[in-house]
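Chemist: Structure provided below as structure tokens; questions to follow.
The values are calculated or read from the model by the stated rules, or taken from the named source; none is laboratory data. Computed from a predicted structure; not experimentally measured. Positions of Cβ are generated from backbone atoms using ideal geometry, with glycine treated the same way; all protein chains shown enter the neighbour counts. What goes into the accessible areas is simple: the full protein's heavy atoms, side chains included, and nothing from ligands, DNA or RNA. Shrake-Rupley method; radii C 1.70, N 1.55, O 1.52, S 1.80 Å.
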Protein chains: 2
Amino acid sequence: MAETDQALPPSDQLAAMNLTDTVEKHAFSDRVLIRSIVGRPDGGAGLAGQRVRAGGWVKTGREQGKGTFAFLELNDGSCPANLQVIVDAGLAVLSKLVATGTCVVVDGILKVPPEGTRQKIELRVEKVVSVGEVDPAKYPIPKTKLTLEFLRDHLHLRARTNTIAAIARIRNALAFATHSFFQEHNFLYVHTPILTTSDCEGAGEMFQVTTLISESEKLEKELIKNPPPSEVDIEAARQVVSERGEAVKQLKAAKASKSEITASVAELNKAKENLSKLEERSKLKPGIPKKDGKIDYTQDFFARQAFLTVSGQLQVETYACAVSNVYTFGPTFRAEHSHTSRHLAEFWMVEPEIAFADLQDDMNCAEAYVKYMCNWLLDKCLDDLQFMAKSYDKGCIDRLRMVASIPFVRISYTEAVELLEEAVKGGKQFENEVKWGIDLASEHERYLTEVKFQKPVIVYNYPKGIKAFYMRLNDDLKTVAAMDVLVPKVGELIGGSQREERYEVIRERILEVGLPLEPYEWYLDLRQYGTVKHCGFGLGFERMILFATGIENIRDVIPFPRYPGRADL
Amino acid sequence: MAETDQALPPSDQLAAMNLTDTVEKHAFSDRVLIRSIVGRPDGGAGLAGQRVRAGGWVKTGREQGKGTFAFLELNDGSCPANLQVIVDAGLAVLSKLVATGTCVVVDGILKVPPEGTRQKIELRVEKVVSVGEVDPAKYPIPKTKLTLEFLRDHLHLRARTNTIAAIARIRNALAFATHSFFQEHNFLYVHTPILTTSDCEGAGEMFQVTTLISESEKLEKELIKNPPPSEVDIEAARQVVSERGEAVKQLKAAKASKSEITASVAELNKAKENLSKLEERSKLKPGIPKKDGKIDYTQDFFARQAFLTVSGQLQVETYACAVSNVYTFGPTFRAEHSHTSRHLAEFWMVEPEIAFADLQDDMNCAEAYVKYMCNWLLDKCLDDLQFMAKSYDKGCIDRLRMVASIPFVRISYTEAVELLEEAVKGGKQFENEVKWGIDLASEHERYLTEVKFQKPVIVYNYPKGIKAFYMRLNDDLKTVAAMDVLVPKVGELIGGSQREERYEVIRERILEVGLPLEPYEWYLDLRQYGTVKHCGFGLGFERMILFATGIENIRDVIPFPRYPGRADL
């Protein structure tokens, strides 16, 4: 219970603000959750008088009053705001507390600061419990304005900055919003494999996963330590076998005793075993095993070539065609040598798959999901969004509000091309030519969503020539039931389609695009046995974070970015 | 609204059962969620009279009344129970509906069946909307008792069986329980990388990820199509350069016009460029690039050797040491040639990391998390658990109830060894010798949790010699602050520790276990700058499912199992 204090609002005021007078603790720890103090609508004022233990890292610190006390801005990662902490010189060596990055745990009493200060509450320390010091001369990310690019060279420490911590909270919120949305709508979360022997789109650009190299290196080392037998060694062993064979023969001819013969045969067998071991070892060759001039993948871990997945869609369809609505949420990989601000070698994708549903249902689901995430962020991360708006993209909150509330525009690909052609006639210049049949370029997508409509746009029914074989062929035989969701700031956020559920049609399409049937037999089985109308889409999770935060480079919205030449930690 | 019907309970009875009289639909689809009918406490009786559309797969079907109608047991994956559907011969060719695996969508009216039938409700079909047929002669998993082992050869269809579908729902529930638990306790979900250049435990047995092989194969093909220049080609090109050089010289000597000289120099430059291109191409060699006899990893995608992660712990610690409480939940990999029922090459792990917390806090968190999952399952998946109890492990529900309610036993490693030694004295035989210093074998763990205590046991403070370098050294200098959670049925479910936060101590430990310092510099930085007491653990997600379901083989509780020689789909 709070001690009585002049600054405390009366309890009916507390109730009106929907506040309790107890602070929340970090789970499984005795320290307070700083968010539960400074994140309150009253800024924490209603908690004055309470004794708490707080732990966190010093954002900024300074000695004051000629070294008689220090101000510390303490942050524990629970929210962007800091708790102001005041430590008297008698409690600790103040110079060891004030460096940015210092970790401190303190016990103290919450007080309302003097009038005129920004803070609504501060912590007067009674005891310094522990200190993790920082030598500011050596600390790689001391308090100064650091660029996001610089921070990418210090992945292990960058989460201590306001920006990366805010992105971590936003990313966490979007991940849980994703699970909550699909669980509320009765989708099952299915873990599709990372290691795969299927190539989703026949696209290539996959990372190979192997133990052949490490095993050949191991063998190489072993052969150096323990060289293989020479032809002379083997000849000698052969000689021993032949001598022992001769000995057995002679004993038998001489009708020797059974025990003598048995002993001699045993000797012979030992010699034979030794020979076969030597012959086996002499065949060992350093290097990756080959057969007919090609790498012998039967010797690899999975007895065939294996890759990192580029999408869980094909696999998750096996579950959609068994238990209806499902989704995946996991890492996917592309071995593209793209050095852009929009590409990663490892990124996370959300891929729902809906049974008994068509392209309209797919669009409805995509729109509902994006709106749900926007509302979730506005509801749970407003303080972090305000930080992003202040520091990176002043429009990000308005953009989230707009997307959360406005119905998405839905136009066919053909209409989209007409609009782009009109724009060209009106003087708009694009780098890529506009005509029916092209794959829309990012500049086209951005024009539609940012200039023409200024809101999210779903483009559907694309020419079949630019889309994957599994998308459902429309009755015009020219287009497929595909759809892309375009949003301001990032362009394409979602790509999806109704899947071709007709066995003969999809078989034809696989052959038409020049793929072999054999690797897709299992996929065809889903159409051959109890086929069902179904659809799905993929959302690039990092793109959603770019959209929400206004951050420009995708490398800054994933904790450990992987791209050509870099995979730190 | 329900039509009035004799079998309808009066509305006050409905209210008492906490039932509404509307059926729930599948999201983004017009068909009903079968669970919302047959999963009601009244078995669906209260819904009689309602018109619904239902879609799903036929579990069993049979023609009746000399072919005048058919019974179908329809399942849509939303629950283990089926909806009984009755179709009259006038509505469809019945023989095309009754095969197991057939997909049907039907419109009809819910009716209470005649007294004496098992069902509380059935659907009288008015219209067959669509049918995805099955040829029972070809269907790989027709209705017969199929072994789990057989089903592993049909991964793409096995989710259509009752067992694999029930496991999918239980796995989904445990995954969402995991997120809910950590989110409720203010942990941030952090996506640690799958691709890594760090080896968490220096353990080896990692999968290598590379583009060197595919790029060398690409080059090989290219060189066959377009052979590299011969020495003669290059000599000829050199000749051209020398001739053109001579021509320039002569023009200059003859004081030719500026334009003549410029043109001549341009010709020379073209020849030089051609020569250097040929020289470059002549260096191309098929095969994996080498340098000093070793593979040249500077040419690999990440410019160094890269692997699949074995644990996200070290990386997630960078976030714990910045924003306090965090967790990972993702796939991890081991390239072990283990053919046991307990090992996978790809499996999912949950790894929380708590800042400002010690081993006691770690144990509290682990116990609370396991209990939370047990309660979640009992609350949300009781029908699936009942199916597992009936079909695989009659004790599984009691086991979950026991673990959810009983405090876990906590004993030190030293006490555990004493108990095992006592057991040996009492006549218990173990395959592995028991003495202080050994790593507890599975048989020892199972004895403690299943025989000695018959409840979950946490063993803590293990000898440092058998544990990883990052575990905090205890004051006895012999043990580290590690803990394992053992549960009946699976033995070790969780392994965790307080992390060594003292810079000098952990540096010493790394050297002591024979690891190089350089790859751990970033990890040491966490101790050098603002170090914090922290702890964490890892839970093998598939083990939790084995524990909950009583299934014996880990390959059956993950949708797409990967193990030596197998990575289907």
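Chemist: Taking square-rooted eigenvalues a ≥ b ≥ c of the alpha carbon gyration tensor, is the range B:317-434 rounded, prolate or oblate, where a/c under 1.5 means rounded and, failing that, a/b exceeding b/c means prolate?
Modeler: rounded
Chemist: Ranked by accessible surface with a 1.4 Å probe, highest first, in what order do B:E126, A:E552 come?
Modeler: If we order B:E126, A:E552 from most to least accessible, we get A:E552, B:E126.
Chemist: If you don't mind, there's one more thing I want to ask. Taking amide hydrogens as modeled 1.01 Å from N in the peptide plane, which residues meet the under 5 Å criterion relative to B:I494, leaving out close sequence neighbours?
Modeler: B:V485
Chemist: Starting from the 7 Å offset along Cα-to-Cβ, what nm value, one decimal, do you get for the label separation of B:E184 and B:D42?
Modeler: Between B:E184 and B:D42, the simple spin-label model gives 3.1 nm.
Chemist: A follow-up question, please. Relative contact order of chain A: what whole-number percent is it, with Cα pairs under 8 angstrom and at least 6 residues apart?
Modeler: 12 percent
Chemist: What's the center-to-center distance, using Cα atoms, between the range A:109-153 and the range A:500-551 in Å?
Modeler: First find each Cα centre; the distance between them is then 51 Å.
Chemist: Helix B:258-283 against the longest principal axis of chain B: what's the angle in degrees, Cα atoms only, rounded to the nearest 10?
Modeler: Helix B:258-283 and the main axis of chain B meet at about 50 degrees.
Chemist: Here's something else I'd like to know. In the calculated pair distance distribution of the range B:34-144, what percentage of Cα-Cα distances lie above 20 Å?
Modeler: 35 percent
Chemist: Can you give the Kirkwood hydrodynamic radius for the range B:155-215, in Å, rounded to one decimal and based on Cα pairs?
Modeler: After inverting the pairwise mean of 1/r, the radius is 15.9 Å.
Chemist: What is the ratio of the Cα radius of gyration of the range A:210-294 to 2.2 N^0.38 Å, with N the residue count, to two decimals?
Modeler: 1.56
Chemist: How long is the gain from B:D383 to B:A256 if the chain were fully straight, where each residue apart is worth 0.36 nm and the alpha carbon distance is subtracted?
Modeler: So the extension gain works out to 36.0 nm.
Chemist: Among the listed pairs A:K285/B:K290; A:K291/B:K291; A:K225/A:K285; A:K452/A:K489, which have their C-alpha atoms separated by more than 23 angstrom in this model?
Modeler: On the way: A:K285/B:K290 18 Å; A:K291/B:K291 25 Å; A:K225/A:K285 14 Å; A:K452/A:K489 14 Å.
The answer is A:K291/B:K291.
Chemist: List the residues whose amide H sits under 5 Å from the amide H of A:A335, counting only those 5 or more places along or on another chain, with H placed 1.01 Å from N in the peptide plane.
Modeler: The answer is A:M206, A:F207.
Chemist: Here is a follow-up. Across peptide B:516-527, how many C-beta atoms of other chains are within 10 Å of each residue C-beta, on average?
Modeler: Averaged over the peptide's residues, the number is 2.
Chemist: On average, how many beta carbons from a partner chain sit within 10 Å of the beta carbon of a residue in B:208-217?
Modeler: Shielding by partners across B:208-217 averages 6.
Chemist: Return the subset of A:K25/A:K111; A:K455/B:K25; B:K252/B:K283; B:K435/B:K478; B:K218/B:K283 for which the Cα-Cα distance in this structure is over 26 Å, preserving the input order.
Modeler: A:K455/B:K25; B:K252/B:K283
Chemist: Now for a different question. Can you give the helix-only mean residue ellipticity at 222 nm for chain A, where every DSSP H stretch with n ≥ 4 adds -39500 (n - 2.57) and the sum goes over all residues, rounded to the nearest 500 deg cm²/dmol?
Modeler: That comes out to -11000 deg cm²/dmol.
Chemist: What's the Cα-based Rg to Rh of the protein assembly as shown, Rh via Kirkwood?
Modeler: Reported Rg/Rh (Cα atoms, Kirkwood Rh): 1.01.
Chemist: For the range A:218-284 and the range B:263-308, write down the distance between their C-alpha centroids in whole Å.
Modeler: Here the two parts' Cα centres lie 50 Å apart.
Chemist: Which ³J(HN,Hα) values in Hz, rounded to whole numbers, follow from the phi angles of the range A:481-487 under the Karplus curve 6.51 cos²θ - 1.76 cosθ + 1.60, where θ = phi - 60° and Gly and Pro get x?
Modeler: With coefficients 6.51, -1.76 and 1.60, one gets 7, 9, 8, 10, 9, 10, 10 Hz.
Chemist: Report the FRET efficiency, 1/(1 + (r/R0)^6), for A:A247 and A:N269, where r is their Cβ-Cβ distance and R0 is 22 Å, rounded to 0.05.
Modeler: Once rounded, the FRET efficiency stands at 0.95.
Chemist: Taking square-rooted eigenvalues a ≥ b ≥ c of the alpha carbon gyration tensor, is the range B:112-193 rounded, prolate or oblate, where a/c under 1.5 means rounded and, failing that, a/b exceeding b/c means prolate? Numbers along the way, then the final one.
Modeler: Working: a/c = 2.51, a/b = 1.53, b/c = 1.64.
Verdict is oblate for the range B:112-193.
Chemist: List the equivalent ellipsoid semi-axes of the range B:239-371 in whole Å, largest first, each obtained as the square root of 5λ for an eigenvalue λ of the Cα gyration tensor.
Modeler: 67, 21, 10
Chemist: Given +1 on the Cβ of Lys and Arg, -1 on the Cβ of Asp and Glu, and no further charges, what dipole in debye does the range A:34-144 carry about its Cα centre, rounded to the nearest 20? Numbers along the way, then the final one.
Modeler: On the way: 15 positive and 11 negative charges, 22 e Å.
Here the range A:34-144 has a charge dipole of around 100 debye.
Chemist: Apply 1/(1 + (r/R0)^6) to the Cβ-Cβ distance of A:V424 and A:K478, taking R0 = 30 Å, and write down the FRET efficiency to the nearest 0.05.
Modeler: So the FRET efficiency works out to roughly 0.85.
Chemist: Output ³J(HN,Hα) for the range B:374-388: one whole-Hz value per residue in order, computed from phi by the Karplus curve 6.51 cos²θ - 1.76 cosθ + 1.60 with θ = phi - 60°, and x for Gly and Pro.
Modeler: Using θ = phi - 60°, the values come out as 4, 4, 4, 5, 4, 7, 10, 10, 4, 5, 5, 5, 4, 5, 5 Hz.
Chemist: Separate question: Checking the cross-link filter: which aspartates and glutamates have an alpha carbon closer than 20 Å to that of A:K221, excluding same-chain neighbours under 8 positions apart?
Modeler: Answer for A:K221, where 20 Å is the Cα cut-off: A:E279, A:E280, A:D300, B:E205, B:D292, B:D296, B:E336, listed by chain and number.
Chemist: Which order do the peptides A:307-313, B:398-404 take when ranked by the mean count of other beta-carbon atoms within 10 Å per residue, highest first?
Modeler: Values: A:307-313: 24.4, B:398-404: 17.3.
For the peptides A:307-313, B:398-404, the packing ranking is A:307-313, B:398-404.
Chemist: Right, another one. What Rg and what Dmax come out for the range A:484-569 when only alpha-carbon atoms are used, in angstroms?
Modeler: Gyration radius and largest Cα-Cα distance of the range A:484-569: 18.6, 48 Å.
Chemist: Still on this structure, please answer the following. Starting from the 7 Å offset along Cα-to-Cβ, what nm value, one decimal, do you get for the label separation of B:A441 and A:N364?
Modeler: Computed distance between label sites B:A441 and A:N364 equals 6.0 nm.
Chemist: Angle, helix B:413-425 long axis vs. longest principal axis of chain B, Cα atoms, 0 to 90°, nearest 10?
Modeler: Helix B:413-425 sits at roughly 60 degrees to that axis.
Chemist: Dividing the convex hull volume of the alpha carbon atoms of chain A by its residue count, what do you get in Å³ per residue?
Modeler: On the way: hull volume 162.7 nm³, N = 569.
Value for chain A: 286 Å³ per residue.
Chemist: Something else about it: Distances in nm, one decimal, shortest first, from B:N364 to the same residue in every other copy, taking the label point 7 angstrom along Cα→Cβ.
Modeler: Those separations, rounded to one decimal, come out as 4.8 nm.
Chemist: Would you mind listing the distances between the A:P140 label point and the same position in each other copy? Use 7 Å along Cα-to-C-beta, nm, one decimal, shortest first.
Modeler: In ascending order, 4.8 nm.
Chemist: Spelling out what I want: for every residue of the range A:159-164, take phi, set θ = phi - 60°, compute 6.51 cos²θ - 1.76 cosθ + 1.60 (Karplus), and round to whole Hz; glycine and proline get x.
Modeler: The phi angles translate into 5, 7, 8, 4, 5, 5 Hz.
Chemist: Now for a different question. For B:K143, give me every one of the lysines with a C-alpha distance below 25 angstrom, ignoring sequence neighbours fewer than eight places off in its own chain.
Modeler: Of all the lysines, those that pass the test against B:K143 - Cα under 25 Å, at least 8 places apart if same chain - are A:K533, B:K59, B:K66, B:K96, B:K120, B:K390, B:K394.
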